[in-house]
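Below: one structure, written as structure tokens.
The values are calculated or read from the model by the stated rules, or taken from the named source; none is laboratory data. This structure is a prediction, so every number in the text was calculated from the model and none was measured. As a convention, Cβ positions derive from the backbone with ideal geometry for all residues, glycine included, and neighbour counts pool all protein chains shown.
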Amino acid sequence: MNRIEVIFTIDTDNLPANFQEIIRHEQEVIAQWKEEGILDHFFLRQTRNGAVLIFKGVDEEKVKELMESLPLYPLKKSVEYLSLIKQF
């Protein structure tokens, strides 16, 4: 099954006052995707300015739609989508 990798970076220079509340809601959404089986892996970046998400069983258009629904999406600095072919 092919995967879609998303490299998501937020603008840490302009965080809103309710950032911690947004993070809590973000974690709920991510957990729901994992439970639904569409999120294969989720990694926080060591720089604490974003994450790497690997989706499975959905096409790139659906992944873009899902990403745009994230509570942190309005704080995005950049989003990169990579279509991957799993070898092993």
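When THR47 is tested against the conditions (1) hydroxyl-bearing (Ser, Thr, Tyr); (2) over 10 Å from the mean Cα position of the chain (by Cα); (3) in a strand (DSSP E or B), the lone failure is (3).
Is it fair to say ARG24 is among the charged types (D, E, K, R) and in a loop (DSSP other than H, G, I, E, B)? No; evaluated as a whole, the condition is false for this residue. Taking first residues from segment 59-88 that are within 17 Å of GLN32 (Cα to Cα) and partners that are in a helix (DSSP H, G or I) and hydroxyl-bearing (Ser, Thr, Tyr), the Cβ contacts under 7 Å between residues at least 6 apart in sequence or on separate chains come to MET67/TYR73.
Every residue, every condition in (1) aromatic (Phe, Trp, Tyr); (2) surrounded by fewer than 15 Cβ atoms within 10 Å (Cβ to Cβ); (3) touching a helix residue (DSSP H, G or I) at 6+ places or on another chain (Cβ under 7 Å); (4) in a loop (DSSP other than H, G, I, E, B), yes or no:
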| position | (1), (2), (3), (4) |
| --- | --- |
| GLU5 | no, no, no, no |
| ALA17 | no, yes, no, yes |
| HIS41 | no, yes, no, no |
| LEU70 | no, no, yes, yes |
| LYS77 | no, yes, no, no |
| GLU80 | no, yes, no, no |
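Among the residues of segment 34-54, some residue qualifies, meaning at least one is at pLDDT below 95 and on the phi > 0 side of the Ramachandran plot.
With respect to ALA31, is the statement that it is in a helix (DSSP H, G or I), surrounded by fewer than 13 Cβ atoms within 10 Å (Cβ to Cβ) and either of a type in the set (A, V, I, L, M) or modelled with pLDDT under 95 (or both) true? Judged against the criteria, ALA31 is a match.
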